[in-house]
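A.B. asks: The following block contains the structure, expressed as structure tokens.
The values are calculated or read from the model by the stated rules, or taken from the named source; none is laboratory data. Fair warning: this is a prediction, and the values are worked out from it, not measured in the lab. Cβ placement follows ideal geometry from the backbone for every residue including glycine, while neighbour counts extend to all protein chains displayed. Note: accessible area is taken over every heavy atom of the protein model, side chains too, but ligands, DNA and RNA are not part of it. Shrake-Rupley method; radii C 1.70, N 1.55, O 1.52, S 1.80 Å.
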Amino acid sequence: MLSSLGILVLRATAGGMMLAGHGWAKLAGFTDKLATFPDPLGIGPGFSLALAVFAEVVCSVALILGFATRVVAVPLLATMLVAAFLVHAPDPWLDKELACLYAASFLTLILTGGGNYSVDALLRPRRRNRL
């Protein structure tokens with residue numbers, strides 16, 4: 001029970017902080033950011049921004065709810081690894097540290113899943129006790 005409560009806290013805080021602190025601002029200022037958004041993968045700044053918004057908004061909401069937890073944590077992990085090791089590659093560690101902390105949180109959720117207090121758990125078929 002405590003493990004699932006810990007996973008709930010991790011999902012809610014990592015997803016909530018990502019959504020409120022990063023994703024929502026990107027979504028609200030999408031057109032303003034188009035011209036200046038980094039393009040670390042060479043796919044164009046608009047597509048890079050769209051991928052970041054998808055991960056930081058859509059995937060964060062799903063993560064908070066515990067819906068497809070392992071699946072939605074993958075784009076979030078990828079976004080944080082790109083931010084830490086491509087966008088902030090030349091920067092000092094302090095500029096990479098937050099992205100790495102988020103990445104560790106998302107990797108943990110990929111490994112653990114959503115826990116018992118999640119939409120995933122509600123959708124999971126119940127096991128029958130067999131004698």
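A.B. asks: Could you identify the single residue in Phe106, Phe47, Phe67 that is over 19 Å from Gly21 (Cβ atoms) and part of a helix (DSSP H, G or I)?
C.D. replies: Phe47
A.B. asks: Separate question: Of the residues Ser60, Ser3, which single one is closer than 21 Å to Leu101 by Cβ, touching a Leu at 6+ places or on another chain (Cβ under 6 Å) and either open to solvent by 80 Å² or more (accessible area, probe 1.4 Å) or part of a helix (DSSP H, G or I) (or both)?
C.D. replies: Answer to the check: Ser60.
A.B. asks: Against the conditions (1) in a helix (DSSP H, G or I); (2) open to solvent by less than 80 Å² (accessible area, probe 1.4 Å), where does Gly42 fall short? Just the number, please.
C.D. replies: If we test Gly42 against (1) in a helix (DSSP H, G or I); (2) open to solvent by less than 80 Å² (accessible area, probe 1.4 Å), just (1) comes out false.
A.B. asks: Another one. Output the number of residues of region 81-103 satisfying the condition of being exposed (fewer than 14 other Cβ atoms within 10 Å of the Cβ) and in a loop (DSSP other than H, G, I, E, B).
C.D. replies: So the answer is 4.
A.B. asks: Of the residues Leu49, Leu65, Leu77, only one is open to solvent by 60 Å² or more (accessible area, probe 1.4 Å) and either free of Cβ contacts under 8 Å to residues at least 60 places away in the same chain or in contact with a strand residue (DSSP E or B) (Cβ under 9 Å, 6 or more places away or on another chain) (or both); which?
C.D. replies: It is Leu65.
A.B. asks: What pairs come out if I take residues in region 81-101 that are touching a residue at least 60 places away in the same chain (Cβ under 8 Å) and pair them with residues that are open to solvent by less than 80 Å² (accessible area, probe 1.4 Å) whose C-beta lies under 9 Å away, six or more apart or interchain?
C.D. replies: Hits for this filter: zero, empty list.
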